[in-house]
Amino acid sequence: MNNPGTPTFDQLRIFLTIVDTGSFAGAGRKLNRAVSVISYGIANLEAQLGLTLFEREGTRKPVLTVAGRALLAEARSIAHGIDGLRAKVKGLLDGLEAEVDLAVDVMLPADRLGRVLRRFATEFPTVQLRLHMEALGAITAMVLDRKAVVGLSGPLSAGVEGIDCRLAGSVPMVPVAAPDHPLGRMSSIPPGAGRDHIQLVLSDRSRFTEGRDYSVTSPKTWRLADLGAKHALLREGVGWGNMPLPMIEPDLVAGTLVRLAMPDHAGGTYRFSGIWRRDTPPGPAARWLLDQFVALGADDRELDGMGDV
């Protein structure tokens, strides 16, 4: 059985440069080496592998053999891996995080989150991201418990000991129901009518929301930890509840949900903050994320007549 040797990365780089430039001379110019050095490197690589990689007979330009074509993809994969390793090491030496854990409130508009993370992937290609979508106080709990280095939290983070924050915009929360729900069929909703029907309420299991309710007016409540499930139940007419306006605007246009003009429950402004532990300032990549959310949040416009949630 023939056992090939182990080629060096320099030999693989010479091989790939010949393929990319189309000649030994072109590879020499690109790598700033004599053609004889390039030829020697390829001869050593072929000797290590026990294979001929280029046809040299009857052609002015080196042409890959069948074996050379078979190994080309593997060689490129190794080269890309080494480049990625070098980039990650350089980032670590420069103080860049190897990974970032980000906790985000489910109320944040999805298009905004997508825009920021798309830019992040381009700006920090060597940094791994772990994204946690949470509700209410769970974002603050994750940051305090060091499960996330930064978070984009709703108003529950305000005044929490050990947390620093920056304002990062807001979203309107409006009461809605399905058009066939009793409240949805009312042309004029009298004060107190919401108390006669099930209110769907978003909840979480964090210590910051234990025993506390937000914008709850009905004694009849169904509590859900998932905003998507709440959205689905609202569309099914199970109850009424508050939802972030950007998320349900398509429903209002399509008529699958209607906005409720409740005289005693107009909704409210849900404010976001970028948060981190005071004793653990964010690194360059995490700080960039916070800057992006803060910048985009500066353009948010609040609806008239709404107080804070």
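Take LEU156 and decide whether it is part of a loop (DSSP other than H, G, I, E, B) and touching a helix residue (DSSP H, G or I) at 6+ places or on another chain (Cβ under 7 Å). It is false that LEU156 is part of a loop (DSSP other than H, G, I, E, B) and touching a helix residue (DSSP H, G or I) at 6+ places or on another chain (Cβ under 7 Å).
Inspection of the range 123-133 identifies no residue that is modelled with pLDDT under 90 and among the aromatic types (Phe, Trp, Tyr).
Considering the range 232-252, and only residues there that are within 16 Å of PRO172 (Cβ to Cβ) and without any contact (Cβ under 8 Å) to a residue 40 or more places away in the chain, the residue that is surrounded by the fewest Cβ atoms within 10 Å (Cβ to Cβ) turns out to be PRO250. Applying the criterion of being free of Cβ contacts under 8 Å to residues at least 40 places away in the same chain and touching a helix residue (DSSP H, G or I) at 6+ places or on another chain (Cβ under 9 Å) to the residues of the range 213-225, the residue that is nearest to ASP308 (Cα to Cα) is SER218. When the residues of the range 257-277 are filtered to those that are among the aliphatic types (A, V, I, L, M) and part of a strand (DSSP E or B), the one that is modelled with the lowest pLDDT is MET262. Quick check, is GLU97 without any contact (Cβ under 8 Å) to a residue 40 or more places away in the chain, out of contact with any Ser or Thr (no Cβ under 7 Å at 6 or more places or on another chain) and of a type in the set (D, E, K, R)? No, not satisfied.
For every residue, the table says whether it meets (1) modelled with pLDDT of 95 or more; (2) farther than 20 Å from ALA103 by Cβ; (3) assigned to a loop (DSSP other than H, G, I, E, B).
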{"site": "ARG212", "(1), (2), (3)": "no, no, yes"}
{"site": "ALA229", "(1), (2), (3)": "no, no, no"}
{"site": "GLY241", "(1), (2), (3)": "no, yes, no"}
{"site": "PRO281", "(1), (2), (3)": "no, no, yes"}
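For (1) closer than 21 Å to ASP111 by Cα; (2) among the polar types (S, T, N, Q); (3) touching a Leu at 6+ places or on another chain (Cβ under 8 Å), each residue gets a yes or a no:
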| position | (1), (2), (3) |
| --- | --- |
| ARG130 | yes, no, yes |
| LYS147 | no, no, no |
| SER153 | yes, yes, no |
| GLY169 | yes, no, yes |
| ALA177 | no, no, yes |
| GLY184 | no, no, yes |
| SER187 | no, yes, no |
| VAL201 | no, no, yes |
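For the range 159-175, a residue qualifies if it is farther than 23 Å from MET247 by Cβ and touching a strand residue (DSSP E or B) at 6+ places or on another chain (Cβ under 7 Å), and the qualifying residues are GLY162, ILE163, ASP164, CYS165, ARG166. Within the option set ARG166, ARG130, being basic (Lys, Arg), in contact (Cβ under 8 Å) with a residue 40 or more places away in the chain and not in a loop (DSSP other than H, G, I, E, B) holds for one residue only, ARG166.
Just wondering, is there one or more residues in the range 48-55 that are modelled with pLDDT under 85, under 22 Å from THR6 (Cα atoms) and touching a Phe, Trp or Tyr at 6+ places or on another chain (Cβ under 7 Å)? The answer is yes; a qualifying residue exists. For LEU113, the conditions (1) surrounded by fewer than 22 Cβ atoms within 10 Å (Cβ to Cβ); (2) of a type in the set (A, V, I, L, M, F, W, C); (3) at pLDDT below 90 all hold with the exception of (3).
The values are calculated or read from the model by the stated rules, or taken from the named source; none is laboratory data. Please read these numbers as outputs of a predicted model, since none were measured by experiment. We place every Cβ from the backbone using ideal geometry, glycine too, and count neighbours over all the protein chains shown.
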